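Chemist: One structure, as structure tokens, below. Some questions next.
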């Protein structure tokens, strides 16, 4: 794993970081509906995440391939994929890197509404400490069979150096589509969200409307 750009600073400040919320998918498991605009706790999923990220980073963008006007009602910078065909999260990464005004970019999917308030700070600290190209989340996940928790990679939740744009372009030109496969070509550090104070639901992915409504009910009961 080659380190593309040595010499990372010892500290990455919030003003060094932009974030992009990934809303470019087809919403297949939601019957084709635009996932980022589905209402959760009174707000579109994407808007709730934008609000959380604005307290953590310098600048927030959205990657969306439809309903741009709706997204622009709560986020000024909305960028579509620069290629047709719904190429997956890496297409959103590329858009974010192309429009990133800061040295670092954080990526967050629109279907993880409970992201923690210290997500950016912890990714940035690990990225700087390890002098890595990219930092990616590993999060606690309940194991249904044993009632225990295991760590599961969540590579779409990441922070990376802006200079990786050219490297990602080459990866996509070669047909690469999986985030973890791209990360294997880089100096990648995994950041474990497994502290006692970490919420085991913080990185829960919402894939269907039933899951969305079930999570809302659970949070109301709590």
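Quick note: the coordinates plus some simple rules give every number you see, no bench work behind them. Bear in mind that the values here come from a model prediction, so they are computed numbers and not experimental data. All Cβ positions, even for glycine, are placed from backbone atoms using ideal geometry, and neighbour counts span all protein chains on display.
Chemist: At what distance in angstrom do the alpha carbon centres of the range 165-214 and the range 52-68 lie from each other?
Modeler: The range 165-214 and the range 52-68 have Cα centres separated by 17 Å.
Chemist: At 4 °C and a viscosity of 1.567 mPa s, what translational diffusion coefficient does Stokes-Einstein give for the range 14-221, taking Rh as the Kirkwood radius over Cα pairs? Give it in µm²/s as a whole number.
Modeler: The Stokes-Einstein estimate is 75 µm²/s.
Chemist: Would you mind getting me the FRET efficiency between residue 177 and residue 82? Use the beta-carbon distance for r and R0 = 22 Å, nearest 0.05.
Modeler: 0.90
Chemist: In what sequence, highest mean first, do 53-61, 190-198 appear when ranked by Cβ atoms within 10 angstrom?
Modeler: 53-61, 190-198
Chemist: Students often check this: by mean Cβ neighbours within 10 Å, which of 104-113, 91-100 ranks highest, and how do the rest follow?
Modeler: 104-113, 91-100
Chemist: Also, I was wondering about something else. Assuming 0.36 nm per residue, please report the length gained on full extension of the stretch residue 16 to residue 209 beyond their Cα-Cα distance.
Modeler: Separation in residues times 0.36 nm, less the Cα-Cα distance, equals 65.9 nm.
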